[in-house]
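*Asks:* This structure is in structure tokens; I'll ask about it shortly.
The values are calculated or read from the model by the stated rules, or taken from the named source; none is laboratory data. Predicted model only: the values in this text are computed from it and were never measured. Because the Cβ atoms are built from the backbone with ideal geometry, glycine has one as well, and the counts that use them run over all protein chains shown.
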Amino acid sequence: MSQTEPMPARTTPSRVHSRKAATPMALPRAIVAAYRRYGQDPARALRLAQITPANLQVAAGRITARQMEVLSAQAMQELDDEALGVFSRRLPWGSYGMVARACLSSPDLGVALKRWCRYHALLIDDIQLDLVVAGASAAIVIDEPVDLGASREFALVSVLRNIHGLACWYIDSRIPLQGARFPFPAPPHADAYPLMFPGPLRFDAPRAEIRFDARYLALPLRRDEKALRQMLQRAVPLMVLQYRRDRLLVQQVRQALAAHPLRTHSAQGLAGLLNMSVRTLHRQLKEESASLQQLKDEVRCERAKELLYRSDKPVKQVAAATGFRNEKSFIRAFKVWTGVSPADFRSAAGK
């Protein structure tokens with residue numbers, strides 16, 4: 001994703017190296033290769049990103065997200081190619097911004113992503129993007145009608161990170177990945193992939209794709225033209241920085257609590273199931289004006305109501321089934337939740 005307006009490339013050492021170095025050096029080397037294909041000198045872009053020729057040759061080298069941002073933005077301007085040389089023709093400066101604007105009027109994320117895939121095909125025919133929905137899971141998949149050659153890894157990684165970042169931005173939410181797949185063997189820097197694509201990874205797959213919860217597709221876009229203009233001033237970070245807020249987290253917590261009561265008894269167990277830290281779990285729930293205890297109570301209450309209404313289990317067994325150690329504690333909690341005792345609730349329900 002690029003900008004429609006030039007981004008100032010002024011940097012300082014403290015700003016450029018302010019984040020953990022996690023981006024594999026293979027990606028900057030791919031950008032340098034694009035300069036060579038276009039017969040241009042990458043020296044200025046490398047200097048601004050504070051990447052020395054010696055650094056560039058370190059096989060296991062890493063750079064920070066900020067360095068990658070500076071290098072990519074400068075290269076896009078100098079090469080006038082927002083795809084950074086990975087396709088058979090240039091994507092002139094502002095191309096992706098134009099597509100982002102064309103999708104901005106979409107009623108929800110699903111429509112926006114379908115439009116993005118369709119408009120992308122008008123720009124480039126080296127790859128084909130598609131949104132595939134199967135049950136509760138959605139995927140952005142890439143087919144390759146032509147050989148991408150030496151740029152293949154950089155092309156597939158960049159496109160998927162691009163569209164994932166844009167999708168998160170459109171709905172102002174982190175979209176956790178259920179998985180990412182790549183149609184090539186695990187590269188020497190495969191240990192960097194979990195940082196770029198958090199979630200289950202697979203190499204030597206039939207095609208490249210990222211997979212996520214299909215419920216995100218129904219979320220409305222929360223951006224307008226003003227927000228788009230601001231984002232386009234510095235769009236590259238969308239590809240490398242994770243959103244903190246997840247607008248579906250409350251739903252995911254409720255679902256996990258209901259489906260895995262034994263594994264989600266503790267915050268640590270629940271956080272592990274959701275592939276996040278306990279601290280992140282509590283922080284994001286707070287951002288959504290919710291708490292783990294509140295959600296636990298809601299799920300327990302619904303489960304208790306269902307058992308009291310649909311079964312003849314004694315109250316003591318209902319208490320145990322909803323995670324209470326004794327009947328007395330359950331009765332007290334149920335009264336707080338509903339205002340009546342379990343026996344009165346069952347009686348009113350005609351059981």
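*Asks:* Say whether the condition of being touching a strand residue (DSSP E or B) at 6+ places or on another chain (Cβ under 6 Å), assigned to a helix (DSSP H, G or I) and within 23 Å of A45 (Cβ to Cβ) is met by at least one residue in segment 137-156.
*Replies:* Yes, that holds for at least one residue.
*Asks:* If I filter segment 38-56 down to residues being touching a strand residue (DSSP E or B) at 6+ places or on another chain (Cβ under 9 Å) and in a loop (DSSP other than H, G, I, E, B), which single residue comes out as surrounded by the fewest Cβ atoms within 10 Å (Cβ to Cβ)?
*Replies:* Only one residue fits best here, namely Q50.
*Asks:* Which count do you get for residues in segment 185-216 that are among the aromatic types (F, W, Y) and assigned to a loop (DSSP other than H, G, I, E, B)?
*Replies:* Within segment 185-216, residues that are among the aromatic types (F, W, Y) and assigned to a loop (DSSP other than H, G, I, E, B) number 2.
*Asks:* If I ask for residues that are among the small types (G, A, S), in contact (Cβ under 8 Å) with a residue 40 or more places away in the chain and closer than 20 Å to R207 by Cβ, which ones from segment 87-130 would you list?
*Replies:* Scanning segment 87-130 gives a single hit, S88.
*Asks:* Answer yes or no as to whether I140 is surrounded by 21 or more Cβ atoms within 10 Å (Cβ to Cβ) and modelled with pLDDT of 95 or more.
*Replies:* yes
*Asks:* When you go through (1) under 30 Å from R37 (Cα atoms); (2) modelled with pLDDT of 95 or more; (3) charged (D, E, K, R) one by one for R115, which number turns out not to apply?
*Replies:* Only one criterion in (1) under 30 Å from R37 (Cα atoms); (2) modelled with pLDDT of 95 or more; (3) charged (D, E, K, R) is unmet by R115, namely (1).
*Asks:* Then there is this: Of all residues being of a type in the set (A, V, I, L, M, F, W, C) and closer than 18 Å to L232 by Cα in segment 161-204, which is surrounded by the most Cβ atoms within 10 Å (Cβ to Cβ)? Just the residue, please.
*Replies:* Ranking the candidates gives A167 first.
*Asks:* Further, regarding this structure: Return the total of residues in segment 208-233 being surrounded by 14 or more Cβ atoms within 10 Å (Cβ to Cβ), more than 19 Å from S105 (Cα to Cα) and over 14 Å from the mean Cα position of the chain (by Cα).
*Replies:* 1
*Asks:* Next up: Give segment 112-140 a look and list any residue that's in contact with a Lys or Arg (Cβ under 6 Å, 6 or more places away or on another chain) and among the hydrophobic types (A, V, I, L, M, F, W, C), or say none.
*Replies:* The answer is L131, A139.
*Asks:* Here's something else I'd like to know. Within segment 305-351, can you find the residues that are part of a loop (DSSP other than H, G, I, E, B) and surrounded by 12 or more Cβ atoms within 10 Å (Cβ to Cβ)?
*Replies:* S311, K313, T322, G323, F324, V340, S341, K351, listed by residue number.
*Asks:* Check off (1) assigned to a helix (DSSP H, G or I); (2) touching an Asp or Glu at 6+ places or on another chain (Cβ under 7 Å); (3) of a type in the set (F, W, Y); (4) surrounded by fewer than 20 Cβ atoms within 10 Å (Cβ to Cβ) for Y96 and give me the number that stays unchecked.
*Replies:* Of (1) assigned to a helix (DSSP H, G or I); (2) touching an Asp or Glu at 6+ places or on another chain (Cβ under 7 Å); (3) of a type in the set (F, W, Y); (4) surrounded by fewer than 20 Cβ atoms within 10 Å (Cβ to Cβ), only one is false for Y96: (4).
*Asks:* Taking the residues in segment 195-211 that are at pLDDT 90 or above and of a type outside the set (D, E, K, R) as candidates, determine which candidate is farthest from A271 (Cα to Cα).
*Replies:* That would be P206.
*Asks:* Moving on to the next point. Quick one: would you say L71 is of a type in the set (A, V, I, L, M) and either in contact with a Cys (Cβ under 7 Å, 6 or more places away or on another chain) or assigned to a loop (DSSP other than H, G, I, E, B) (or both)?
*Replies:* no
*Asks:* Between residues in segment 69-86 that are modelled with pLDDT of 90 or more and residues that are outside any loop (DSSP other than H, G, I, E, B) and among the charged types (D, E, K, R), which pairs lie under 8 Å by C-beta distance while being six or more apart or on different chains?
*Replies:* If the second residue must be outside any loop (DSSP other than H, G, I, E, B) and among the charged types (D, E, K, R), the pairs left are Q74/R44; E78/R44; G85/R37.
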